[in-house]
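Asks: Take a look at the following structure, please.
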Amino acid sequence: MNITEIRIKLLFNSRDKLRGFASVTLDNLLVVRDIKIIEGGRGLFVAMPSRKLCDRCSSCAAKNPIRSRYCSECGARLSEGRGDLDERGRPRLYADIAHPINQEARDFVQSQILRAYSEEFERSKQEGYVAKSFDDLDYDYLDEHSADAER
């Protein structure tokens, strides 16, 4: 597998630990978007794209996130302890959409993304820096969030 392109969207003045997003192109054939770059207790790490896990209301069959206490459709109280547990015994709230198959692949992808992030971050410190365009991605709401954080 060859990573043929990595695009980085830096987030400035973010109040949470999210530092940016990556978009990775594999062999000029496949793109994986919305890979998060997060500042953790031991430094930066990569979180693969994921979706919230849901289950259905027993009254109306509407989908609701696992953490919901009441159905968003009919308002019925949802039972506690829904969903599967992870290896630590906590409810699984998210499922990966795309992810590396083994640790070696994860380490490779993460190191390449963090290298690209570091390079983009250093470029951002230079006078006249202009961030790459992400016209094909829906990151506008993040720019608005960053602008709000600056105020």
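Asks: Mind counting the residues in region 59-75 that are in contact with a Cys (Cβ under 8 Å, 6 or more places away or on another chain) and in a loop (DSSP other than H, G, I, E, B)?
Replies: Of the residues in that region, 7 qualify.
Listed here are the residues, each with its yes/no results for (1) surrounded by fewer than 12 Cβ atoms within 10 Å (Cβ to Cβ); (2) outside the structural domain of Glu39 (by TED's automatic domain parsing); (3) under 20 Å from the mean Cα position of the chain (by Cα).
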| position | (1), (2), (3) |
| --- | --- |
| Pro65 | no, yes, yes |
| Tyr70 | no, yes, no |
| Glu80 | yes, yes, no |
| Leu85 | yes, yes, no |
| Gln103 | yes, no, yes |
| Val109 | no, no, yes |
| Ala116 | no, no, yes |
| Phe121 | no, no, yes |
| Gly128 | yes, no, no |
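Asks: Here's a follow-up. Taking Cys60, is it touching a strand residue (DSSP E or B) at 6+ places or on another chain (Cβ under 6 Å) and at pLDDT 90 or above?
Replies: Against the criterion (touching a strand residue (DSSP E or B) at 6+ places or on another chain (Cβ under 6 Å) and at pLDDT 90 or above), Cys60 does not qualify.
Asks: Exactly one of these conditions fails for Ser124: (1) within 16 Å of Ile38 (Cα to Cα); (2) modelled with pLDDT of 90 or more; (3) of a type in the set (Ser, Thr, Tyr). Give me its number.
Replies: (1)
Asks: I've got another one for you. Within region 43-54, does at least one residue satisfy the condition of being charged (D, E, K, R), over 30 Å from Lys125 (Cβ atoms) and touching a residue at least 24 places away in the same chain (Cβ under 8 Å)?
Replies: yes
Asks: List the pairs whose first member sits in region 117-137 and is more than 10 Å from Lys9 (Cβ to Cβ), whose second member is at pLDDT 85 or above and part of a loop (DSSP other than H, G, I, E, B), and whose Cβ atoms are under 9 Å apart, counting only residues at least 6 apart or on separate chains?
Replies: Matching pairs, first to second residue: Arg123/Tyr129.
Asks: Within the group Ser68, Ser59, Ser72, which residue is touching a residue at least 12 places away in the same chain (Cβ under 8 Å) and farther than 30 Å from Glu120 by Cα?
Replies: Ser59
Asks: Filter region 1-20 for residues that are under 15 Å from the mean Cα position of the chain (by Cα) and loosely packed, with under 15 Cβ neighbours inside 10 Å; which is nearest to Leu44 (Cα to Cα)?
Replies: Lys17
Asks: Looking only at region 76-111, how many residues end up being over 27 Å from Ile35 (Cα atoms), in a loop (DSSP other than H, G, I, E, B) and of a type in the set (Lys, Arg)?
Replies: The qualifying residues number 1.
Asks: Another question, then. Quick one: which of Leu26, Leu18, Leu44 is in contact with a helix residue (DSSP H, G or I) (Cβ under 6 Å, 6 or more places away or on another chain) and either under 16 Å from Asp96 (Cβ atoms) or in the same structural domain as Ala131 (by TED's automatic domain parsing) (or both)?
Replies: Testing whether each residue is in contact with a helix residue (DSSP H, G or I) (Cβ under 6 Å, 6 or more places away or on another chain) and either under 16 Å from Asp96 (Cβ atoms) or in the same structural domain as Ala131 (by TED's automatic domain parsing) (or both) leaves just Leu44.
The values are calculated or read from the model by the stated rules, or taken from the named source; none is laboratory data. Being a predicted model, the structure only gives us computed values, none of them experimental. Cβ atoms come from the backbone with ideal geometry, glycine included; neighbour counts cover every protein chain shown.
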